[in-house]
Structures are given as C-alpha cells and as structure tokens.
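A short write-up of the structure that comes next.
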Amino acid sequence: MENIHKIQQLINQEFDEMKNIGTFTGVYCHPFVEKNVFRYLNKNLVDKKGYSSMMEFERSIDTFMKKLYKHYDGKTITTSGSTESLLLAFYYAREQAKYERKITKPNIILPEHAHYSLFKCAQMLEIEIKHASNGINHTIDTKSVEALIDRNTIMIVGVMGSTELGVVDDLRALDVIAAQHNVYLHIDAAIGGFIFPFINTPTPHTFQQLPSLYSMNISGHKFGLALPGCGLLLLRHNKTLDQYAGHVSYLSTGISRIESLMITSSPIGVFSLAVNIKHFGLRGYRENAKEYIRAKENIKKRLEAMDISVFNGSLYTPQLFFYAEHLEELSNYLKNKGWMQNTYLAKGLEQEGIRIVIKYGQELLLENDLMNDIEDFYMTKTSSQHSAANESYEQPFQNVEEEF
Ligand SMILES: Cc1ncc(COP(=O)(O)O)c(C=O)c1O
C-alpha cells in the first residue's frame, strides 16, 4: 500500500498535460473511449480477425483515409506511430526496388529538416542517406534533390509539416522530379496528415494529385486526436503487400498477413482513432483545423506586439517558434507557472527559441493564460530594468546628500 501511495505521489507531482506546449501528442480523450478503454487493454491488435469490433475499426479508418487521400487501389495500415510507418514504407520501397529494378545498394534523399526517425529508419534498413539542402524559407531545395539522384536512388521524401519549424516542402515539384527519374515519393505527414485534407490550401497531397506518391505516414496520436500508439501508413498499391508482407499461422484466428512490424500491439490507438473519426468526421476535423490556424494567428499577433520574433512556418501548420531576449529566464519563469516547454536551437534557423504547439482543446489556454504569463514576464523585466536605471540615476544625489 505504501509503495502504491508513492506511485500516486509521483503522478500527482507531474505537469498538467494541458500545459504541455512542446509536444504534438493530443490532450484529448473522447468520453466514450475513456469509458471503454479497459475492454481493449488486453486485446492484441494482430489477432483482429477474432474481434469483429477491431476489424470494423480498421475498415472504417481505411474508408475515411481513402476519402481524404484517394489511394483507392491501396491500403491504410495501422501501426504504433509514424516511426513504425516510416520503417515499413522504406522497407517496402527497398524490397520492391530490389525485385523490380535490381537495386542492391539503395539510397534515399531526405530533407535537412526531416525528423530524427527518418534518418534512423533508413540507417536501420541499410539504405544510404543523401542529404538535400534547404532552400527557400527553410523548405527542401528541389534543385539539390535533382542533383543528388543517381541510378541507386529509390525514394525521395517531402515533409507536410516539419517538426521544428512547421514548414511544408514543395510536394508538387518533388512529385515531378520523382516521375522524371522513376523513383518513389514518400510524404511524411505525421503532423499535417489530419489538417491539410480538411482545409483549402495550395498543397497537393492526394495520391491522385501526385502520381509518383508511393506512401505516406501519419501520426494518429497527433492531430487525429487518438491516444498514443496510433500511426498510419498509406500505400498506393495493395499488391505491394501481396508481394512483400509476411504471414504467421499460429494465432488463434489462423493465418494472418502481417503488414505492420509489431506483432503484439495495443489496439487502443486504433480504437480511439476510429471513435474520433465517427465523432468528428470531415466537418469536425475541418472545424478543428480552422481553430488551430485562427489561434496560431492570434498568438503570433500577441507575441509580435511584445516585440518577440516569430517564425511562423507554413500558415497551416499548428505551431510556431519564437525567440526573444532573456529566453532562458523566460523558460524558467514559464516552468514555474506550470508550462512544460524547453528552449532549443532550431535546425536551419540557427536560433535558440521556444516552440508552441497548438492542440485541440488547448487553444484558449494558450491564447489567454500563456500569452498573459509571457506578457507579465516581460513587464516585470522592463519595470525591474527601469528601477535599476532609476537607481543608478538617483545614486549621485544620494552621494551628494551623504557628502553634506
Ligand atoms: C515530422 C515528424 N515525423 C515523424 C515523427 C515520428 O512520429 P511518431 O512519434 O508518431 O513515431 C514525428 C514525431 O514527432 C514528426 O514530428
């Protein structure tokens, strides 16, 4: 009992997740999910054939994603997160290129701003990494991509919402380059996957708009608002799986095709995403996306009114990065006020700053409480500087008085 009490104390000491402004993982849980989550705790997603509800969740996710991304001849594979989806995408591309194009020493072209997981996955699969440089506004320089392609290049990657700066690569240009050189295009839509299809943006993102698009990863536990442990891999062709997925036969439900990497894995991510898709639907996710963009504009205005520099990234990504004087002190001040965040050196911008991620249900808290706290910090700072200046101004008089 004593030990359990200690665990409770640990939990109580933790930051409030509503005040975590540095992560993309959702803070939302649908009440229906909360009520039923226990029923899914000990089911194994790989055994889905035995559970009709799990089959239905995956089917409804696939149908919804096909409406958004139009990979009608393909498949939406549920995974534990974008990292697993990326590993699978690179693996399927590597196997297909080996079989069809006899490429045995494959390479992949990644943007400088790609997330850590992309580099790690390519490295684990022994795919050589070629680094494309950044061009306009910190997005991938498409000329450098063209210059890097050689006969062993299997894939180029564009990002729809980068982690640190929230930029979006020129996906149309990457698709054209991929077509000209007969290589696959992959989009990392971990962040933008549940935002871009719901709003009017000039960014093409469907398999119909981008003929070279081979695969795309999305984190369901980011703006899909699923509980952690939910990723998606969208593949253009089902036949990729027919050829390169594996099978196991020992499960209670007989032979199962294994499209993901994990064998035993939690169905909670899939369950919560399926519930959210039913609950929000196209219209709900659109409203959410519009709300992130509105809140972002407002936060940007308030920061700029305090003379703080803001890097906005794409208009449509739900985050911004700011930098200002006394940053370390500000970060500590915000920690004391219960805000979970950190300063870091943004790759590409070479500026130390703080990222604010705008998530569902957190918008007003960020627009009001966080902005007020930042404003208070700088007001205290200015007034203490004023009083310090006044003190040094008053000093001579004091000295004069003392002399008398
Ligand atoms: C752009 C991007 N790609 C991939 C990932 C990896 O995603 P996950 O944490 O779902 O594995 C992240 C994580 O934040 C990300 O920001």
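The values are calculated or read from the model by the stated rules, or taken from the named source; none is laboratory data. Keep in mind that what you see is a predicted model, and the values were worked out from it rather than measured. Virtual Cβ from ideal backbone geometry, glycine too; neighbours counted across all protein chains shown. Heads up: the accessible areas ignore ligands, DNA and RNA and are worked out on the full protein's heavy atoms, side chains in. Shrake-Rupley method; radii C 1.70, N 1.55, O 1.52, S 1.80 Å.
Below, the figures for the structure above:
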read-out: Test: residue in the range 216-226 that is more than 14 Å from the ligand (Cβ to nearest atom), open to solvent by less than 10 Å² (accessible area, probe 1.4 Å), of a type in the set (Ser, Thr, Tyr) and under 22 Å from Met262 (Cα atoms); value: no
read-out: Answer from Ser117, Ser80, Ser162 - the residue that is hydroxyl-bearing (Ser, Thr, Tyr) and open to solvent by 30 Å² or more (accessible area, probe 1.4 Å); value: Ser80
read-out: Residue among Glu304, Glu297, Glu291, Glu287 that alone is buried (at least 16 other Cβ atoms within 10 Å of the Cβ) and either at pLDDT below 95 or of a type in the set (D, E, K, R) (or both); value: Glu291
read-out: Residues that are within 16 Å of Leu41 (Cβ to Cβ) and open to solvent by less than 60 Å² (accessible area, probe 1.4 Å), drawn from the range 264-273; value: Ser265, Pro267, Ile268, Gly269, Val270, Phe271, Ser272
read-out: Selected residue [more than 30 Å from Pro204 (Cβ to Cβ) and not hydrophobic (A, V, I, L, M, F, W, C)] from Glu363, Glu304; value: Glu304
read-out: Inter-residue pairs, beta-carbon under 7 Å, first in contact (Cβ under 8 Å) with a residue 60 or more places away in the chain and within 9 Å of Leu232 (Cα to Cα) and in the range 74-88, second within 8 Å of the ligand (Cβ to nearest atom) and assigned to a helix (DSSP H, G or I), 6+ apart; value: Thr79/Ser85; Ser82/Ser117
read-out: Count - residues of the range 189-205 that are of a type outside the set (Gly, Ala, Ser), part of a loop (DSSP other than H, G, I, E, B) and within 14 Å of the ligand (Cβ to nearest atom); value: 2
read-out: Candidate set from the range 143-188 (those that are part of a loop (DSSP other than H, G, I, E, B) and touching a helix residue (DSSP H, G or I) at 6+ places or on another chain (Cβ under 7 Å)); member that is farthest from the ligand (Cβ to nearest atom); value: Ile149
read-out: Cross-chain or 6+ apart pairs with Cβ under 9 Å, the range 324-341 first and open to solvent by 70 Å² or more (accessible area, probe 1.4 Å), then of a type in the set (Asp, Glu); value: Glu325/Asp307; Glu328/Glu352; Lys337/Asp369; Lys337/Asp373; Lys337/Asp376; Met340/Asp16; Met340/Glu17
